[in-house]
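Take this structure, written in structure tokens, and hold onto it; I'll ask about it next.
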Amino acid sequence: MARQHLFYDYKSCSTCRKAAAHLSARGVAVQLRPIVDQPPTVEELRSLWQRSGLPLKRFFNTSGLSYRALDKAALESMDDEARLQLLAADGKLIKRPLLDAGTTVLVGYDAAAYDALA
């Protein structure tokens, strides 16, 4: 049986709905986890970040209100551990959708990357 991917989403996010529909149309099984109500823990985020191969700053939802309310100078001076703790404390800070597909972690929605999962 194929591993079910973990899809962190936010019901009010149109991009999340689009990504979920994309996966569903291709028969990719996902387990939904509400990113605001059940944000990933620091440990989960560390694992997602390491497996993604992306810089940690890509995990921040820079267009959201939570991010805009941050002191950017303070954020820049934080180490990665403090940034992970900040992300884990507020699911709205995390770029979405966030998809944990095991060896692949996708941050945001890119149709070509989602196609590669099918």
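Where a number appears in this text, it was derived from the coordinates with a stated rule and is not lab data. These figures come from a predicted structure and were not determined experimentally. Glycine also receives a Cβ, built like all others from the backbone with ideal geometry; neighbour counts cover every protein chain displayed.
Residue farthest toward the positive end of the dipole of region 5-115, with Cβ of Lys/Arg at +1 and Asp/Glu at -1: which of P34, Y114, S47?
Selected residue: Y114.
Okay, moving on. At q = 0.12, 0.13, 0.17, 0.24 Å⁻¹, work out log10 I(q)/I(0) for the chain with the Debye formula, treating every Cα as an identical point scatterer and leaving solvent out; two decimals please.
-0.41, -0.47, -0.80, -1.51
Any idea what the dipole of region 5-115 comes to, in debye rounded to 20, about its Cα centre with Lys/Arg Cβ at +1 and Asp/Glu Cβ at -1? Intermediate values should be presented prior to the final figure.
Details: 15 positive and 13 negative charges, 88 e Å.
For this selection, approximately 420 debye.
If you don't mind, another one. Between helix 80-89 and the chain, what is the angle of the helix's C-alpha long axis to the longest principal axis, kept within 0 to 90° and rounded to the nearest 10?
70
Sum up the lysine pairs in the chain that clear both bars: alpha-carbon distance under 19 Å and a spacing of 8 or more or different chains.
So the count of such lysine pairs works out to 9.
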